Amino acid sequence: MDTRHDQLYQQDVHDPYLRHWHARGDALCPECGVSYQAGAGRWSWEGLDDAEHAERALCPACRRIADKAPAGNLTLAGSFVKDHTDEICNLLHNTESLEKREHPLERLMTITDEPEGLVVTTTGIHLANRLGHALEAAFKGHVDYTYSDDRTALRVRWERN
């Protein structure tokens, strides 16, 4: 039987940025405007019925950004990256926009130009995974996925020469 190593794991509640919200009431992030609806148990771009009385607190994504603590780390290497940086960055931003609509805690944190290529950090593992798949689908190349033991962090390496 062939075992897949690129599967998308369900993120456990061991992530301190997510676990901390499970027992709270409604909240509104003053940084990005995303709201936590206690009844639904999730963060959403939909407004709250009673936003005036909701707690004001940074959402997990904004907290990760402020703490500079990414859940996803994507390294893009190879000569193709240097020659196609603009197209690659457009793909990264477009993929983030699509993911963020449904999953507001999945965001790009940084895209930095390093000697090896580009290094991208994300607030969630699902966006990092999706970016790896998007790069492979659009530009081919080779991609590797490495999850942390507790599945709260993901390292993706995509390479094309």
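Only the coordinates and a few stated rules stand behind these numbers; no lab work does. Keep in mind that what you see is a predicted model, and the values were worked out from it rather than measured. Cβ sites come from the backbone with ideal geometry, for glycine too, and all protein chains shown count toward neighbours.
Compute the angle between helix 85-102 and the longest alpha-carbon principal axis of the chain, please, reported from 0 to 90 degrees and rounded to the nearest 10. It is inclined by approximately 30 degrees. From the Kirkwood radius over Cα pairs of the range 16-58, Stokes-Einstein at 25 °C and 0.890 mPa s returns a whole-number translational diffusion coefficient of 240 µm²/s.
Mean silhouette area of the range 67-159, derived from the convex hull of its C-alpha atoms and averaged over all directions, reads 5.7 nm². Relative to the longest principal axis of the Cα atoms of the chain, helix 125-139 runs at roughly 30 degrees.
Across the chain, the fraction of Cα-Cα pairs farther apart than 27 Å, rounded to a whole number, is 29%. Ordering Thr152, Phe80, Gly117 by the projection of their Cα atoms onto the charge dipole of the range 67-159, which places +1 on the Cβ of Lys and Arg and -1 on the Cβ of Asp and Glu, puts Thr152 at the extreme positive end. Of the residues Leu92, Leu48, Leu76, the one that moves most in a GNM of the chain with alpha-carbon contacts below 10 Å is Leu48.
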